[in-house]
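See below for the structure under consideration.
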Amino acid sequence: MLVLRSLLFNIAFYANLIARLVLYLPLLALPRPWLMAAVRDWARSSLWLLRVIAGTKAEFRGLDLMPAGGCIIASKHQSLWETFALLTIAKDPVFVLKRELSWLPFFGWYALKARMIPVDRGKGAPALAAMAKRVGEEIAKGRQIIIFPEGTRRPPGAKPAYKYGVVHLYNTLDVPCLPVALNSGLYWPRRQFIKRPGTIIVQCLPPIPPGLSRLAFRDRVAAEIEEASNRLIAEARQTGGTPAPAHAGVA
């Protein structure tokens, strides 16, 4: 049954995505807010399909902690799930993403129209400077910058590998940073076909105000996200569902 439900969900998920990529093409000629509203509707529909077909629910905690106006949202990254689910909780989100994704047909067109921010991770400091400039422009418009500080998906419980990008943004911009913990990798594991029933939990943590030193911010944002994510993993194992095994290092 788990395999069948996962198969049906994957078919529905990608059919829904492809259909909307085509249906939304006229929005490329309209103002950006129209496209953002449509993208959020797609994200909500994907969460609905996941809940109805695969039995995987979503619970968002601490949304009242979201700063008003422009901010950095620094999220744990375990799964493809949060790349669309986080679109539903921010007022006007913008992702920092790998430059190569902006080259893709359809996806790249929409990313550019939505003013997502591509970064060439191979260029080091110049790429960080260019990213910070673009982020500053979007922050000034009151948007929320969503960044995955580890840069790529990490299995639940894996040793954290935080990059310098989020530290550079925090040090450059005079805005708060909202740490976000989650346990999505237990139910939508990276590079796996299976989608497991249960409840994915996203926990927004108290914002980190601007003004900390680089070292203090780096240690604080990593510690808070990791500690909260580990708690969510432990909670998932105590409350039922069929989560995937966590990486070695997490009980």
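The values are calculated or read from the model by the stated rules, or taken from the named source; none is laboratory data. The structure displayed is predicted, hence computed values, not measured ones. Neighbour counts run over all protein chains shown; Cβ positions are idealised from the backbone, glycine included.
For region 44-91, which residues satisfy the criterion of being in a helix (DSSP H, G or I), farther than 21 Å from Gly151 by Cβ and either among the basic types (Lys, Arg) or within 12 Å of the chain's Cα centre (by Cα) (or both)? Break it down stepwise before answering.
So in region 44-91, the residues in a helix (DSSP H, G or I) come out as 44-54, 63-65, 81-88.
Checking the rest, the ones that are also farther than 21 Å from Gly151 by Cβ come to 44-54, 63-65, 88.
Across region 44-91, the qualifying residues are Arg44, Arg51, Thr88.
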Can you pull out the residues in region 139-162 that are touching an Asp or Glu at 6+ places or on another chain (Cβ under 7 Å) and at positive phi?
Gly142
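Inspect region 21-30 for any residue being of a type outside the set (A, V, I, L, M, F, W, C), part of a helix (DSSP H, G or I), surrounded by fewer than 16 Cβ atoms within 10 Å (Cβ to Cβ) and within 20 Å of the chain's Cα centre (by Cα) and give the result as yes or no.
Restricting attention to region 21-30, the residues satisfying the condition of being of a type outside the set (A, V, I, L, M, F, W, C) are 24, 26.
Now narrow it down to the ones that are part of a helix (DSSP H, G or I): 26.
If we keep only those that are surrounded by fewer than 16 Cβ atoms within 10 Å (Cβ to Cβ) too, we end up with 26.
The next check asks that each one be within 20 Å of the chain's Cα centre (by Cα); those that pass are none.
Looking for residues that are of a type outside the set (A, V, I, L, M, F, W, C), part of a helix (DSSP H, G or I), surrounded by fewer than 16 Cβ atoms within 10 Å (Cβ to Cβ) and within 20 Å of the chain's Cα centre (by Cα), one finds none in region 21-30, hence no.
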Just to be sure I understand the filter: pairs with C-beta atoms under 7 Å, separated by 6 or more residues or on different chains, first member in region 40-67 and in contact (Cβ under 8 Å) with a residue 12 or more places away in the chain, second member exposed (fewer than 15 other Cβ atoms within 10 Å of the Cβ) and not in a helix (DSSP H, G or I). Which pairs pass?
Leu65/Pro206
Whichever residue in region 89-110 is of a type in the set (Lys, Arg) and at pLDDT below 85 and, among such residues, is surrounded by the most Cβ atoms within 10 Å (Cβ to Cβ):
Arg99
Condition broken by Ala132, with the remaining ones in (1) at pLDDT below 90; (2) out of contact with any His (no Cβ under 8 Å at 6 or more places or on another chain); (3) among the hydrophobic types (A, V, I, L, M, F, W, C) satisfied
(2)
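Specify the residue that is surrounded by the most Cβ atoms within 10 Å (Cβ to Cβ); the eligible residues are those in region 121-162 that are more than 30 Å from Ala236 (Cα to Cα) and in contact with a Leu (Cβ under 8 Å, 6 or more places away or on another chain).
Pass one, region 121-162, residues more than 30 Å from Ala236 (Cα to Cα): 121-143.
Still in the running and in contact with a Leu (Cβ under 8 Å, 6 or more places away or on another chain): 131-132, 135-136, 139.
Numbers: Met131: 23, Ala132: 19, Val135: 25, Gly136: 16, Ile139: 22.
The extreme case among them is Val135.
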For the structure I just gave you, tell me whether Pro189 is touching a residue at least 40 places away in the same chain (Cβ under 8 Å), farther than 17 Å from Ala236 by Cα and buried (at least 17 other Cβ atoms within 10 Å of the Cβ).
no
Considering residues that are free of Cβ contacts under 8 Å to residues at least 24 places away in the same chain, hydrophobic (A, V, I, L, M, F, W, C) and under 20 Å from Lys163 (Cβ atoms), the number found within region 218-234 is 1
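Yes/no per residue for (1) under 29 Å from Ile208 (Cβ atoms); (2) in contact with a Lys or Arg (Cβ under 7 Å, 6 or more places away or on another chain):
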residue: Phe9; (1), (2): no, yes
residue: Ala29; (1), (2): no, no
residue: Arg32; (1), (2): yes, yes
residue: Arg51; (1), (2): no, yes
Tell me which of these Leu232 doesn't satisfy, since it passes every other one: (1) within 30 Å of Glu138 (Cα to Cα); (2) assigned to a helix (DSSP H, G or I); (3) modelled with pLDDT of 95 or more; (4) not polar (S, T, N, Q).
(1)
Check region 16-26 and report whether any residue there is in contact (Cβ under 8 Å) with a residue 24 or more places away in the chain and in contact with a strand residue (DSSP E or B) (Cβ under 9 Å, 6 or more places away or on another chain).
no
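Would a scan of region 123-131 turn up a residue that is more than 14 Å from Leu182 (Cβ to Cβ) and in contact (Cβ under 8 Å) with a residue 24 or more places away in the chain? First the steps, then the outcome.
So in region 123-131, the residues more than 14 Å from Leu182 (Cβ to Cβ) come out as 123-131.
Filter once more, so that each one left must be in contact (Cβ under 8 Å) with a residue 24 or more places away in the chain: 128, 131.
Yes; the residues of region 123-131 include at least one that is more than 14 Å from Leu182 (Cβ to Cβ) and in contact (Cβ under 8 Å) with a residue 24 or more places away in the chain.
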Take Ala181 and decide whether it is modelled with pLDDT of 90 or more and either surrounded by fewer than 16 Cβ atoms within 10 Å (Cβ to Cβ) or out of contact with any Phe, Trp or Tyr (no Cβ under 6 Å at 6 or more places or on another chain) (or both).
yes
